[in-house]
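Rule-based calculations on the coordinates, nothing more; no lab input. Quantities reported herein were computed from a predicted structural model and do not represent experimental measurements. Cβ placement follows ideal geometry from the backbone for every residue including glycine, while neighbour counts extend to all protein chains displayed.
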Amino acid sequence: MEQPSTKSKLCLECDTVKPLSAFSPYNRKISHKYASCLECSNAKSRLKYASNPEITKMNVKKRRALNPTRVWSYQSYSSHKRKYQIDFTLAWLESVALASPTCAYCGITLDYNPSHISDFDHRATLDRLNNESILTKSNVKIVCHRCNNAKSNRTLAEYLLHCDAVLTHLSESIHF
């Protein structure tokens, strides 16, 4: 059997020496890797799911219900990654989501649970402040769907001017 080097590792499932890139990081640390390679881990997961799909689906639903900000962060990160270059990590987005219980613009309590359809306007969304194609830590805020939709493709300054114009118009047109 071939001995693993510093750039390779022995998979305990298939008993094969593979490059470190063939193993998932353990506990989000690059230097720590799982004992099984990705191929063996995936095969094991597929077998477990095939033997009991209902229990697996139920466990996934439980995990999602217990971690709505993690689910929201992953879904938001994934959907934005398809369209934009992202200059922050998923872990950073999740930490911001945990620290942002209210909309950055209107202050309403955000709903991070994607399965709640009734409070669509209170659903959390990721807003690009100046609509650049690169998302950075300083260029995003977590806001409610209503505010994000109202802001549309305006910059933050343009959106605030628009809100001021709406307020001025309404205060002039409503007579008490």
**Asked** P(r) tail for segment 68-112, what percent of Cα pairs lie past 16 Å?
**Response** 39
**Message:** Step by step: find N for segment 8-52, compute 2.2 N^0.38 Å, then divide the Cα radius of gyration by it. What's the final number?
**Reply:** 1.19
**Prompt:** So which aspartates and glutamates pass the test for LYS44, namely a Cα distance under 14 Å, with those fewer than 8 places away in the same chain ruled out?
**Reply:** GLU13
**Complete:** Among LYS141, LYS151, LYS62, the residue with the largest mean-square fluctuation in a Gaussian network model of the chain built from Cα contacts under 10 Å is LYS62
**Among beta bridges that DSSP assigns inside segment 63-173, antiparallel share in %, nearest 5** = 65
**Asked** What pairs in LYS57/LYS137; LYS81/LYS141; LYS7/LYS48; LYS83/LYS141; LYS57/LYS83; LYS62/LYS151 have C-alpha atoms more than 23 Å from each other?
**Response** LYS57/LYS137; LYS7/LYS48; LYS57/LYS83; LYS62/LYS151
**Asked** How high is the FRET efficiency between ASP164 and ASN139 when r is their beta carbon distance and R₀ equals 25 Å, given to the nearest 0.05?
**Response** 0.65
**Asked** Under a 5 Å amide H to amide H cut-off, with H placed in plane at 1.01 Å, what residues pair with VAL140 once short-range neighbours are removed?
**Response** LEU129
**Asked** How large is Rg over Rh for segment 63-173, taking Rg from the Cα atoms and Rh as the Kirkwood inverse mean of 1/r across Cα pairs?
**Response** 1.00
